[in-house]
Amino acid sequence: MLQPVELSLEDMGDLAGIIPAKDPVVKAHYAPIPRFGEETRQSIIPVCEPTLAGNELAYVQQAVETNWISSAGSFIRDFEKQFAGACGVRYGIACANGTVALHLALATLGLQPGDEVIIPTFTMIATINAVTYCGATPVLADNEPHYWQMDPADVAAKITPRTKAIVPVHIYGHPVDMDPLLELGRQHGIAIIEDAAESHGAEYKGRRTGGLGDAATFSFYGNKILTTGEGGMVTTDNEEIARLAWNLRDHAFSSERHFWHKYVGFNYRMTNLQAAVGLGQVEQLEKFVAMRRANAAYYSELLADVPGITTPPEAPWAKNVYWMYGILVDEAAYGMNRDSLRVALAEKGIETRTFFIPMHCQPVYWQQFKGQRFPVAEALCRDGFYLPSATSLTRQQIERVAEVIRVVSQ
Ligand SMILES: *Cc1c(COP(=O)(O)O)cnc(C)c1O
């Protein structure tokens with residue numbers, strides 16, 4: 001039987017100090033209605049929820065009524081085309097989720113054991129797992145402190161003759177500084193695969209994420225900016241990568257004859273039902289991006305003068321889509337640490353989530369990276385968390401959240 005890898009905080013040395021406390025219980029908040037003098041239950045503000053405001057239901061109904069519910073229906077092609085177009089590339093390969101989209105994109109590179117793939121340590125576990133699934137060796141880079149993204153200088157320092165790919169992750173909706181990475185890719189013949197799971201609609205120097213490297217991958221999980229429930233996509237302008245990805249996605253059936261396979265393929269297909277939702281979603285991308293940017297601007301306005309709170313940055317060359325509105329808490333200046341502030345928010349019915357725990361601190365990868373340190377990623381993990389960030393957030397909800405942060409440490 002598979003055994004879990006245990007790692008106790010005692011074994012982590014000073015790294016134990018960055019590991020967040022357990023999530024606090026979010027309490028339904030009771031407030032009196034003045035006129036009746038009785039208590040009423042106020043709704044919890046969730047950290048995230050989908051916005052299904054367009055043609056999603058109509059398209060799903062059409063899929064059911066026409067009997068096309070599996071993975072060969074026309075919504076798949078329509079969704080792939082429209083989403084790829086929104087990224088400024090020609091090809092989209094829809095898949096079951098964002099994790100397998102990453103695996104699929106990396107698989108097209110033909111990685112071999114011993115090949116190295118550079119990823120940020122500050123990311124979600126799927127990025128590193130996809131490298132592991134390929135039998136390749138993940139190599140970790142730190143983030144830069146200005147925009148909380150993968151640091152191109154550290155990536156450059158980690159390149160070896162075995163480096164085959166770099167996977168920049170556009171964390172929380174802000175793009176990575178791509179030009180230095182693309183230059184490294186050209187110099188050394190290294191593929192650049194963006195993990196754009198958190199950055200639908202984000203821009204780097206006026207160009208959309210998802211169209212900046214050799215290929216990119218997206219997630220359409222329920223908490224992402226566009227959702228299909230579960231879903232993912234590989235986007236690329238490279239016809240060879242696209243053809244291979246479509247083929248590997250579908251068991252690598254060969255065109256010569258049926259049931260004839262020249263690769264170890266996968267079943268990573270998306271269903272027409274999910275694609276129907278996805279098409280309804282992608283039609284609203286520009287609107288969602290505008291709403292998220294307006295929400296973030298309002299949060300930042302209300303939190304601007306709170307000592308010890310850092311609001312999310314935006315580089316002059318970037319369009320941040322604020323997948324999650326993250327803040328940093330400086331305990332000394334704010335008068336309370338991150339975990340205590342989260343408890344205070346939870347008491348008021350406000351759900352939050354801590355920043356990622358870096359990959360070199362994960363029990364399952366601890367031995368692999370033991371002794372390596374990444375100061376920026378570690379500080380982000382120690383001080384960062386995100387506030388409710390749904391597209392559908394109202395101004396009143398944002399005010400309620402900001403008010404707690406403004407007064408609770410006084
Ligand atoms: C969500 C996410 C994924 C994985 O997507 P799933 O659809 O949940 O498999 C991968 N990378 C990053 C950075 C993510 O945020």
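Read-outs: derived from the displayed coordinates by stated rules, not from any lab. Note that the coordinates shown come from a computational prediction; the quantities given were computed from them, not determined experimentally. Cβ coordinates were reconstructed from backbone atoms using ideal geometry, including for glycine residues, and neighbour counts include every protein chain displayed.
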* Asked: Which GluC sites (Glu not before Pro) does the range 232-294 hold that lie in a coil by DSSP with at most 10 other beta carbons within 10 Å?
  -> GLU256
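How high is the FRET efficiency from GLU399 to ARG207, r the C-beta distance, R0 30 Å, rounded to 0.05?
With R0 = 30 Å, the Cβ-Cβ based efficiency is 0.30.
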* Structure fact -> Restricting to aspartates and glutamates and to Cα separations under 15 Å from LYS164, and discarding same-chain partners fewer than 8 apart, the set is ASP115, GLU116, GLU183, GLU194, ASP214
* Structure fact -> If unit charges are put on Cβ atoms (+1 for Lys and Arg, -1 for Asp and Glu) and the dipole of the chain is taken about its Cα centre, the option from GLN112, ILE19, LEU140 lying farthest towards the positive end turns out to be GLN112
* Structure fact -> Site GLN3, offset 7 angstrom along Cα→Cβ, radius 17 Å on amide nitrogen, limited to the range 124-156, gives none
* To do: Step through the table entries LYS81/LYS205; LYS22/LYS319; LYS22/LYS348; LYS224/LYS319; LYS81/LYS224; LYS158/LYS370, compare each Cα-Cα distance with 21 Å, and write down the pairs that go over it.
  => LYS81/LYS205; LYS22/LYS319
* If a/c stays under 1.5 just call it rounded; otherwise compare a/b with b/c (prolate if a/b is bigger, oblate if not). Do that for the chain, with a ≥ b ≥ c from the square roots of the Cα gyration tensor eigenvalues. => oblate
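By count of other Cβ within 10 Å, fewest leading, how are THR66, THR310 ordered?
In increasing order of surrounding Cβ atoms, one gets THR66, THR310.
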* To do: Starting at the first residue of the range 44-50, write each ³J(HN,Hα) from the Karplus equation 6.51 cos²θ - 1.76 cosθ + 1.60 with θ = phi - 60°, in whole Hz, x for Gly and Pro.
  => 5, 8, x, 5, 6, 7, x
* Expressed in nm to one decimal, what extension gain is obtained for the pair ASN267 and THR160 from 0.36 nm per residue of sequence separation less their Cα-Cα distance? -> 35.2 nm
* To do: With r as the distance between the Cβ atoms of VAL407 and ALA53 and R0 = 22 Å, compute the FRET efficiency 1/(1 + (r/R0)^6) and round to 0.05.
  => 0.10
* Where Lys and Arg each count +1 and Asp and Glu each count -1, what net charge lies around ASN267 among other residues with Cβ under 12 Å from its Cβ? -> +1
* To do: About the Cα centre of the chain, how large is the charge dipole given +1 on each Lys and Arg Cβ and -1 on each Asp and Glu Cβ? Please answer in debye to the nearest 20.
  => 680 debye
* Computed [θ] at 222 nm, helices only, for the chain once each DSSP H run of length n ≥ 4 contributes -39500 (n - 2.57) -> -10000 deg cm²/dmol
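Can you list the chymotrypsin sites (Phe, Trp or Tyr not before Pro) in the range 209-283 that are in a DSSP coil and have 11 or fewer other beta carbons within 10 angstrom?
For chymotrypsin sites (Phe, Trp or Tyr not before Pro) across the range 209-283 that sit outside H, G, I, E and B with at most 11 neighbouring Cβ atoms in 10 Å, the list reads PHE259, TRP260.
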* ARG90 paired with HIS258, simple spin-label distance in nm, labels 7 Å along Cα-to-beta-carbon -> 3.1 nm
* Structure fact -> If unit charges are put on Cβ atoms (+1 for Lys and Arg, -1 for Asp and Glu) and the dipole of the range 329-410 is taken about its Cα centre, the option from ALA332, ILE405, TRP366 lying farthest towards the positive end turns out to be TRP366
* Fewest-first sequence of SER340, SER392 by Cβ atoms within 10 Å of each Cβ -> SER392, SER340
